[in-house]
Amino acid sequence: MSLVVQKYGGSSVASAEKIKNVAARIKRRADAGDRVVAVVSAMGDTTDDLIALAKQITDHPEAREMDVLLSTGETQSSALMVMALHAMGVDAISLSGAQAGMRTDSVHRSARILAIEPTRLREELERGRVVIVAGFQGLTEDLDIATIGRGGSDTTAVAYAAALNARCEIYTDVEGVYTADPRIVPEARKLKDISYDEMLELASKGAKVMAPRAVEIGSVYNIEILVAHSTKDAPGTLIHGGADMEGFNRVRGIAHDRDVAKITLRHVPDRPGVAAEIFQPLADAHLSIDTIVQNASEDNLTDLTFTLARDDLARALPHVNEIAKRIGAKEVVADERMGKVSIVGTGIQSAPGYAARMFRTLSDAGINIEIISTSEIRITCIVPEDRVADAVRALHTAFELEKEAL
Ligand code: ADP
Ligand code: ASP
Ligand code: MG
């Protein structure tokens, strides 16, 4: 008998009908003799709707209250899922994140997981019950509810799998991890498997099929993660740490993100410590900064540009304006209509020419590259938001990702 933690995403539980379908699937698995914990997301666009609802009340809701509100989305699906299981004669119980032992820090809306104390979870499993856990949420040391950031049900699912030493299966609305978002590139190819490193780069650069922190936890605890379709019985993609995989030495996939904003501080006095003076206050405000470029200075003045999630721009600007004043920068320029496109693959580190081919492809498509950043296995270009889809398609063709690797 094996123990499995499954996760069903928002679109897979978007209606009563879909919840019943997922319940039937869970029942089949339990009938086959497996012990099942299923982590569920909020139904469909519930999280977005709740955010919009709060906005109708105030522009500045307290983060703690937002978490109380947002956590109800997952609570709702967990209860409904258990009702569906009961109606099918399955012994099941729902647990909130708090009840399931998810302990987090108190950075509301992007809390980090500190520990899992799965005593209650284990007790329910011992009783022979299927346990449905509300994803995306936990309890702080002050006994407040916290949520762990958008897409966080993936992260909680992998964390429960690690805590229970269980297998981990992420069910979603596509058949697995593709060479690019299949909604943008219809000829994108489903990958049989992918390494943690490559998946982490893809996820953190926008491939939202998996949350980046979920991949990180999988990698640290060596939990293999299967990503598959929530209703079709097609083979999915296995995310794991094995080395011998298809198509070594080529680009594995392309990630994109349309929600990027760019901030430039112009004429920053170039002296030791100035970068810390800029980025420390932003870190203290829990603003996560992505690509950073600093130009070579002229007359001891330099321009410094960085990107962040578009949603964070309004919150970041007052901080940046204050920093600019303090350090004597001339002006702050923001552009919120940016996007990014990244090619990812372990092959990039060992073979030259990937960067040149990427830049040539974008230039042939008439797409201007604003910023470039790289890691050992990734090259990212910041481009105008309205050209992101074109960029992804052009790169997919240029790197022949629709073709099976030899
Ligand atoms: P869930 O609600 O199940 O968490 P998400 O919407 O968060 O699902 O993630 C699934 C979506 O991720 C897919 O519908 C697809 O559009 C998108 N996606 C982006 N990049 C990829 C990729 N490389 N492979 C598969 N799906 C991708
Ligand atoms: N409901 C949350 C969100 O929409 C968490 C998740 O679905 O993973 O971000
Ligand atoms: Mg998701």
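The values are calculated or read from the model by the stated rules, or taken from the named source; none is laboratory data. It should be emphasised that the depicted structure is a prediction, and the values quoted were computed from it without experimental measurement. Every residue, glycine among them, receives a Cβ derived from its backbone with ideal geometry; neighbour counts consider all protein chains shown. These accessible areas exclude ligands, DNA and RNA; they are computed on the full protein's heavy atoms, side chains included. Shrake-Rupley method; radii C 1.70, N 1.55, O 1.52, S 1.80 Å.
Sorting the segments 131-137, 279-285, 232-238, 374-380 by their mean number of nearby beta carbons within 10 angstrom, highest to lowest, gives 131-137, 374-380, 232-238, 279-285.
Along the axis of the charge dipole computed for the chain (Cβ charges of +1 for Lys and Arg, -1 for Asp and Glu, origin at the Cα centre), the listed residues M88, P352, A16 are led at the positive end by M88. Shown is the FRET efficiency for Y221 and D105, computed with R0 = 22 Å from the Cβ-Cβ distance and rounded to the nearest 0.05: 0.70. Taking amide H atoms as placed 1.01 Å from N in the peptide plane, the amide H of T172 lies under 5 Å from those of A228, H229, S230, each 5 or more residues away in sequence or on another chain. Counting protein heavy atoms only, region 309-397 has 48 percent of its accessible area on carbon and sulfur, 1.4 angstrom probe.
What size of dipole, in debye to the nearest 20, comes out for region 248-406 about its Cα centre when the only charges are +1 on Lys and Arg C-beta atoms and -1 on Asp and Glu C-beta atoms?
Working: 19 positive and 24 negative charges, 52 e Å.
The dipole magnitude comes to about 260 debye.
Charged neighbours of A14, selected by a Cβ distance under 14 Å, balance to -4 (K, R count +1; D, E count -1). Expressed to the nearest 5 percent, the antiparallel share of DSSP beta bridges inside the chain is 60 percent. Computed over the chain with a Gaussian network model linking Cα atoms closer than 10 Å, the most mobile of N321, N295, N222 is N295.
Would you mind counting up the charge near N300? Only other residues with Cβ under 15 Å from its Cβ, with Lys and Arg at +1 and Asp and Glu at -1. Write down the numbers at each step before the final one.
Details: positive: R266, R271, K330; negative: D270, E298, D299, D303.
That works out to -1.
Loop-located GluC sites (Glu not before Pro) in region 4-104 (DSSP state other than H, G, I, E, B) with a sparse environment of at most 14 neighbouring Cβ atoms within 10 Å: E62. The trypsin sites (Lys or Arg not before Pro) of region 134-225 that meet both conditions, a loop assignment by DSSP and at most 11 other Cβ atoms within 10 Å of the site Cβ, are R183.
I'd like the orientation of helix 354-364 relative to the chain: the angle between its Cα long axis and the longest Cα principal axis, in ° from 0 to 90, rounded to 10. Tilt of helix 354-364: around 70 degrees. Charge dipole of the chain (Cα centre as origin; +1 on each Lys and Arg Cβ, -1 on each Asp and Glu Cβ, all else neutral): 740 debye, rounded to the nearest 20.
Projecting the Cα atoms of H267, S230, A162 onto the charge dipole of region 109-268, computed from C-beta unit charges around the Cα centre, puts H267 farthest toward the positive end.
For V39, the amide hydrogen comes within under 5 Å of the amide hydrogens of Q6, K7, Y8, V133, counting only partners 5 or more places away or on other chains and with H modelled in the peptide plane.
Taking the centroid of alpha carbons for each part, region 65-128 and region 250-310 are 38 Å apart.
Could you work out the local net charge near A38, counting Lys and Arg as +1, Asp and Glu as -1, over the other residues with Cβ closer than 15 Å to its Cβ? Each step should come with its number before you reach the end.
Working: positive: K7, K18, K20, R25, K27, R28, R29, R35, R129, R167; negative: D31, D34, E74, D91, E124, D154, E169.
Net of charged neighbours comes to +3.
Full extension of the chain between E400 and D48 gives 123.1 nm of extra length, using 0.36 nm per residue less the Cα-Cα distance. Distance from the alpha carbon centroid of region 324-353 to that of region 16-43 works out to 42 angstrom. Using heavy atoms of the protein chains and a probe of 1.4 Å, the accessible area assigned to Y178 is about 50 Å². Over all Cα atoms in the chain, the spread is summed up by Rg and Dmax: 22.4, 76 Å.
Both numbers refer to the Cα atoms of region 302-350; Rg and Dmax are 15.3, 44 Å. Taking all protein chains as shown and a probe of 1.4 angstrom, I327 keeps an accessible surface of around 10 Å². Around the amide H of D290, modelled in the peptide plane, lie the amide H atoms of T307, L308, all under 5 Å away and 5 or more residues distant in sequence or on another chain.
Coupling constants for region 13-18 follow from the phi torsions by the Karplus curve (6.51 cos²θ - 1.76 cosθ + 1.60, θ = phi - 60°), and in residue order they are 10, 6, 9, 4, 4, 5 Hz; glycine and proline get x. Per-residue 3J(HN,Hα) values for region 116-122, derived from phi via the Karplus relation 6.51 cos²θ - 1.76 cosθ + 1.60 with θ = phi - 60°, read 10, 10, x, 4, 5, 3, 5 Hz in sequence order (x marks Gly and Pro). Full extension of the segment from D311 to T58, taken as 0.36 nm per residue of separation minus the current Cα-Cα distance, would add 89.4 nm.
For a 19 Å ceiling on Cα separation, which of these pairs sit above it: K192/K232; K18/K232; K18/K55; K192/K403; K20/K192; K262/K330?
Working: K192/K232 16 Å; K18/K232 13 Å; K18/K55 29 Å; K192/K403 13 Å; K20/K192 29 Å; K262/K330 17 Å.
Pairs exceeding the cut-off: K18/K55; K20/K192.
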